[in-house]
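**Q** Sending over a structure as structure tokens; questions will come in a sec.
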């Protein structure tokens, strides 16, 4: 039983078709950066937890997953072990940069539309 973060960016097909490739690249790059930060912040014992962090992409979604069977117990804790929400720590660390890069990419939309 793993944990994951899903970013779905085709909820509005019309808007999705208008988004430039750069916006999708911001999302994909952000997911990979989130995975790297998650690996760095995940508790280390055998290395299996960190090695189980992966990014999966489809045409309209990007998933950051931690697939180690015990990831959920590390993340939420147990009666004998405190929670170590390493994925949330990574999100907290990466979110400001992601939002800045997305804001910058979206600000370019009117400029690109005018150039076409």
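**Q** Among 67, 78, rank each residue by its count of other Cβ atoms within 10 Å, from fewest to most, as a rough exposure measure.
**A** Least crowded to most crowded, the residues run 78, 67.
**Q** Multiplying the sequence separation of residue 102 and residue 88 by 0.36 nm and subtracting their Cα-Cα distance, what value in nm do you get?
**A** Gain on extension, residue 102 to residue 88, equals 3.1 nm.
**Q** Sticking with the crude label model, points 7 Å out along Cα→Cβ, report the distance from residue 56 to residue 81 in nm, one decimal please.
**A** 2.3 nm
Only the coordinates and a few stated rules stand behind these numbers; no lab work does. Source: prediction; values computed, not measured. All Cβ positions, even for glycine, are placed from backbone atoms using ideal geometry, and neighbour counts span all protein chains on display.
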